[in-house]
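Quick notes on the structure that follows.
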Amino acid sequence: MLSYDYVKCNDLRLACQELEEGEQVYLLAGGTDLIVGMRGGKFSAKTLVDIKDVPELKVLEEDDRGITVGAAVTLNEAVVFAPIRDNVPILAEGCHSVGSYSIRNRATMAGNICNASPAADTAAPLYCLDALVNIKSSEGSRSMPIKDFFAGPGKTALNKGELVQSILIPRPYPEGKGVYLKASRTGSVDLATVGVAVQRWGEEVKIAIGAVAATPVRAFSVEKAINEKGEKNYADAARLVHDDISPITDLRGSREYRYHMVEVLVRRGLEQTLGV
Amino acid sequence: MTEKLVINFTVNGEKEEKEVIIGQTLLKFIRDELHLTGTKEGCEIGECGACVVLLDGKPVNSCLILGVELDGKDLITIEGLSKNGELDRVQKAFIDHAAFQCGYCTPGMILAARALLDRKPNPTDEDINEALSGNLCRCGAYQEIREAVKASAEKK
Ligand SMILES: Cc1cc2nc3c(=O)[nH]c(=O)nc-3n(C[C@H](O)[C@H](O)[C@H](O)COP(=O)(O)OP(=O)(O)OC[C@H]3O[C@@H](n4cnc5c(N)ncnc54)[C@H](O)[C@@H]3O)c2cc1C
Ligand code: FES
Ligand code: FES
């Protein structure tokens, strides 16, 4: 059995203090990545700081800035939150595609992005929505665009002593449909082999893709063809996605398969959001 | 390093105070310390659902939770579903529909189904699929399981 200290936090200040002062301190949110990772030897923690009941992190609200999802809000709570369902359903889809119902009763959006898997299912929707990550430490607060938060496989832009307090989906919300299309080996309980988010914004689209590079990426080549050059042939536009990605071969699929599937899913996403 | 902590919780309606080793999963704690072996151990990585219990009424994978996280919470295991010797509606329906062969997945399936019916008394097929999405049955009794869940809904 692994041995470490466990600290249950009921206020944010204390959690920040633990992070700043300790060595090998890991935050425990839903634990669905952390506990599996510790058992597999991926993380070696001296202290776990349990933040799941910190009141400041349970915030789930909408105001004139947008929708704020606190770091301790579970994915199931986010999926049924009406402002998310109604205004940014692409994010509800991304959250809903994580694991299984019982996993989503524990798993959080913050944990999903902090684990920084390039395949994180909430990431591609968050990229398309220009989400902001609100970061907190004993020193103060800062926020950064989601695209700057992902720094590499398993790496985030967080400095020592910092934690994610919440994720903001800013207004204005997109006008038009958005879809998250995930290819995986099984219907549920599997990471994405590739995950493609296509969000219409009026006459334009934003496209983000997971599991095809060291971090989630935007498909700028495809976006440019559609948004600037007015490309109407979605199959041709989708083919350009090859310039935006650099997938690898792993147990979920080969590099070639990923190239193929991304192209297919981008085309489908364009059809479903812009109309055939 | 603190090796053990004292936690207070409710298990199947009874208040308990117990020591728990930090680092022990809730699954091991339930089986080895509370001696409630109806909760099963399968994959231990959150993929099979054999270990599902209800924590504050919600189905969760006890292999991905630490025993210490039980502090202050309300735990229901399969042993806690029957009332005064009378099986829960879902349990009866599983028997009536022969919704198992080996039975290893059954405790998790029944608890996940019970929680579904508590939040949606008349679930659709899609609701049932979603609620049981994390519960695998290696014997392949899925058809009968879905029938049993539907039947227990209708009996309400
Ligand atoms: C069976 C199974 C299936 C899964 N399927 C999917 C899937 O389909 N798609 C998918 O994307 N993921 C999947 N996952 C991975 C996981 O469930 C998600 O990434 C989940 O969102 C993680 O959230 P958590 O709250 O459980 O994170 P935790 O495990 O608690 O934390 C993850 C990491 O982030 C750190 N952390 C947590 N919160 C914060 C914070 N506020 N600030 C800074 N650091 C923090 C932790 O220290 C840890 O390193 C699956 C996992 C399992 C076990
Ligand atoms: S033992 Fe917990 S999900 Fe398999
Ligand atoms: S009855 Fe054997 S695993 Fe489901």
Subject >> Overall dimensions of segment A:5-50 as given by Cα atoms, namely Rg and Dmax in Å >> reply: 10.4, 31
Original post:
For segment A:109-261, what is the relative contact order in percent, using Cα pairs closer than 8 Å and at least 6 residues apart in sequence?
Top reply: 22 percent
Original post:
By the gyration tensor of its Cα atoms, with a ≥ b ≥ c the square roots of the eigenvalues, what is the shape of chain B: rounded for a/c under 1.5, prolate for a/b over b/c, or oblate?
Top reply: prolate
Original post:
Does anyone have the angle between helix A:255-274 and the longest principal axis of chain A? Alpha-carbon axes, 0 to 90°, nearest 10?
Top reply: 70 degrees
Subject >> By average C-beta atoms within 10 angstrom, highest first, the peptides A:133-139, B:145-151 >> reply: B:145-151, A:133-139
Subject >> Euclidean distance between Cα centres, segment B:29-74 to segment A:245-276, Å >> reply: 37 Å
**OP:** Only Cα pairs under 8 Å and at least 6 apart count here; give the relative contact order of chain A as a rounded whole percent.
**Re:** 16 percent
Original post:
With Rg and the Kirkwood Rh both taken from Cα atoms, where does Rg over Rh land for segment B:89-151?
Top reply: 0.91
Original post:
Cα-based Rg (one decimal) and Dmax (whole number) for the protein assembly as shown, in Å?
Top reply: 22.3, 71
Original post:
Given A:Lys42/A:Lys206; B:Lys4/B:Lys150; A:Lys52/B:Lys120; A:Lys42/A:Lys182; A:Lys42/B:Lys40, which pairs have Cα atoms separated by over 32 Å?
Top reply: A:Lys42/A:Lys206; B:Lys4/B:Lys150
Original post:
Ranked highest first by the average count of other Cβ atoms within 10 Å around their residues, in what order do A:148-155, B:24-31, A:90-97 fall?
Top reply: A:90-97, B:24-31, A:148-155
Original post:
Let a ≥ b ≥ c be the square roots of the eigenvalues of the Cα gyration tensor of segment A:178-274; is it rounded (a/c under 1.5), or, if not, prolate (a/b larger than b/c) or oblate?
Top reply: prolate
**OP:** Name the shape class, rounded, prolate or oblate, that the alpha-carbon gyration tensor gives for segment A:11-86, where a ≥ b ≥ c are the square roots of its eigenvalues, rounded holds for a/c under 1.5, and otherwise prolate holds if a/b is larger than b/c and oblate otherwise.
**Re:** oblate
Original post:
Using Cα pairs under 8 angstrom and six or more residues apart, how large is the relative contact order of segment B:11-74, in percent?
Top reply: 39 percent
Original post:
Pairing the Cα long axis of helix A:12-21 with the longest principal axis of chain A, what angle in degrees results, from 0 to 90 and rounded to the nearest 10?
Top reply: 80 degrees
Original post:
How many partner chain Cβ atoms sit within 10 Å of a residue's Cβ in peptide B:57-67, on average, as a whole number?
Top reply: 6
Original post:
Nearest 10 degrees, 0 to 90: what angle lies between the long axis of helix B:142-154 and the longest principal axis of chain B (Cα atoms)?
Top reply: 90 degrees
Subject >> Per-residue mean of C-beta atoms belonging to partner chains within 10 Å, peptide A:183-189 >> reply: 3
Subject >> Likely footprinting exposure, B:His97, A:His260, fewest C-beta neighbours within 10 Å first >> reply: A:His260, B:His97
Original post:
About the Cα centre of segment A:55-170, what is the dipole size in debye to 20, counting +1 per Lys and Arg Cβ and -1 per Asp and Glu Cβ, all else neutral?
Top reply: 420 debye
Subject >> Listed residues B:Val60, B:Gly108, B:Pro121: farthest to the positive end of the dipole of chain B (Cβ charges) >> reply: B:Pro121
**OP:** Could you list which residues have their amide H under 5 Å from that of B:Gly134, counting only those 5 or more apart in sequence or on another chain, with H placed in the peptide plane?
**Re:** A:Tyr101, A:Ser102
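Values quoted throughout were computed directly from the atomic coordinates according to the rules given, and no laboratory measurement underlies them. None of the values given here were measured: they were computed from a predicted structure. Every residue, glycine among them, receives a Cβ derived from its backbone with ideal geometry; neighbour counts consider all protein chains shown.
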